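Since the structure comes first, as structure tokens, the remarks are kept for the end.
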Amino acid sequence: MKRQFQKTLLMLAIFAGVPKAFAAVISGTVLFNGTPVAGVGVSATISNANANASVDTGVNGGYLLNVTNGAWTVSVNCNSGSDSLESILGAGNFQCPNDVIIIVSNSGAVANFTVPPATNDDQIVGTVSDNNGIPVAGVNVYANNGAGVIYTNTTDSTGRYSFFVFDGGWLISVDCGQLDSLGYACVDSQELATCCGYTDYHNFTPQAGGNSGDFGYSVADGQVTIASYYGPGGAVTIPGTINALPVTGIGAGAFENTSVTAVAIPGTVTNIEASAFAGCDLASVIIPNSVTYVGETAFADCFNLTSVTLGTNVASIGDAAFGSCDSLAGITIPAGVTNIGNDPFVGCSSLRAINVDSNNPDYASVGGVLFDRNVTSLIQYPAGNSAATYSAPAGVTNIGEYAFFVCGSLAGVTIGSGVTAIGFESFAFCPHLTSLYFLGNAPVTDPSAFSGSNTNGYLNATIYYLAGTSG
């Protein structure tokens, strides 16, 4: 008897704020591909009376709502809870039906819903071709919406793949096992958002190479570049050769955000590319004498990095190469470095000194501060310097971008009369900086140079200048 009572209740409305005297009913069915959809929620609302009614459909897809007179908006629950179309039909298999507005006046009204199937009218198209432009045929490409819908397409003789998909976000990936069997390194997946019948494009360019142990690699001109790392982390030794070919490069992002705590770089490596070790757990690193290039952000965000030894043949250090290495206390720039990008040690909050080999023809260090050789451009003030005040040397004409960024101890800075330019966020987020002394005319200053974390977005510093100066 109790079970029958519950089944009867299923066909009645559940009310919130609807008057007890009902004038009429709204009834109808919910169908998908001509088949009744049982157990899906249907609700009706009327705004001017702040009332609503809801019920789940029965086994025949039918529903019945007791309502009052008025204009009601009737809708089907598409994606909320166990009585939703998404729960019953599966994500990606349908389109949510439009709401129905119906006028009820002392009689019954009907609102039927036909749930349309998903329309795959968006297209994703691309190619898989190697770094020499040769098509990679016969590999599977996958489109995954993250909700259980996965499409597969195999590249044709031109390396082309294509999918017809419905609106939404898709992760496009290539079968790395198949790439490896063909002698190519794995490629990163790509996120795409499709909509409205448009075509989206993404091409994959696997490098000739493959996998060796915990490493993915590419080959070009008889030389190997480590492209990725799949190992468990900890102490890692990079091989000097793979398949009898020398390992000369560590590719962009190869070890990025891995749990590598120590790395032995072989003496065959010449290039460490952008973000190669960014976000690792490295405590120290020795860059061998064979290396000539350290790319931008190569070791950025290595928060545990306390010691860096740069090889004698390093010639170029990229932008923010060691940015935000919070534990790094000191570093020495070798004599062979001829190019340093912008803010190489930006945000290194423990860095007390940047030293430069006295034989370096392009850069100099004065009091642990990095300058160009002529000491006319101040490149980087070590953020961990404990001094409360600083006076720039008399010959300085330019203060570079991020030069004093997050300098935690500075309270006062004196800027010489020769300074004509102050760069982007040069003094940004220096929490104790309260005084700036200008000995000459006001330099051309980037609007963000003194931005900070105070309520007005700028540092609360007092500017002092000499009588008779301008700007």
| query | What is the Cα coordinate range of the stretch 216-293 on the first, second and third principal axes, sorted by size from largest, in whole angstrom? | reply | 32, 25, 20
| query | If you wrap the stretch 54-192's Cα atoms in a convex hull and average its projection over all directions, what's the area in nm²? | reply | 11.1
| Descending Cα extents along the principal axes, the stretch 233-356, whole Å | 43, 31, 19
| said: Suppose the Debye formula is applied to equal point scatterers at every Cα of the stretch 354-471; what is log10 I(q)/I(0) at q = 0.14, 0.16, 0.18 Å⁻¹? | reply: -0.54, -0.71, -0.89
| query | For the chain, what log10 I(q)/I(0) values come out of the Debye formula at q = 0.11, 0.12 1/Å, with one point per alpha carbon and no solvent? | reply | -0.93, -0.99
| Sorted by Cβ neighbour density within 10 Å, fewest at the top, the residues 434, 297 | 434, 297
| remark: Each label sits 7 Å from Cα toward the beta-carbon; between residue 98 and residue 147 the label points are separated, in nm, by 2.1
| note | Given the candidates 292, 89, 368, the one whose Cα lies deepest towards the positive end of the charge dipole of the chain, counting +1 at each Lys or Arg C-beta and -1 at each Asp or Glu C-beta, is 89
| said: Based only on other Cβ atoms within 10 Å, what is the fewest-to-most ordering of 202, 432? | reply: 432, 202
| For the stretch 296-387, alpha-carbon Rg over 2.2 N^0.38 Å | 0.96
| message | Taking the Cα centre as origin and putting +1 on Lys and Arg beta-carbons and -1 on Asp and Glu beta-carbons, what dipole magnitude results for the stretch 281-371, to the nearest 20 debye? | response | 240
| task | List, largest first, the extents of the alpha carbons of the stretch 250-317 along their principal axes, each in whole Å. | result | 27, 21, 18
| field | 4 °C / 1.567 mPa s Stokes-Einstein diffusion coefficient of the stretch 117-191, Kirkwood radius on C-alpha pairs, µm²/s | value | 101
| Positive dipole terminus of the stretch 161-292, leading residue within 181, 198, 245 (C-beta point charges) | 245
| message | For the stretch 104-127 and the stretch 167-234, what is the centre-to-centre distance using only Cα atoms, to the nearest Å? | response | 37
| query | Taking Rh as the Kirkwood radius, which is the inverse of the mean 1/r over Cα pairs, what is the Rg/Rh value for the stretch 111-261? | reply | 1.09
| query | Relative to the Cα centre, what is the charge dipole magnitude of the stretch 336-437, using +1 at the beta carbon of each Lys and Arg, -1 at the beta carbon of each Asp and Glu, and rounding to the nearest 20 debye? | reply | 220
| note | By the mean-Cβ-within-10 Å protection proxy, highest first, 438-446, 58-66 rank as 58-66, 438-446
| query | What is the mean projected area of the alpha carbon convex hull for the stretch 39-91, to one decimal in square nanometres? | reply | 3.9
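We did not get these values from a lab; they are worked out from the coordinates using the rules stated. Everything quoted here is computed from the prediction, not taken from an experiment. When we count neighbours, we look across all protein chains shown, and the Cβ atoms used for this are built from the backbone with ideal geometry, even at glycine.
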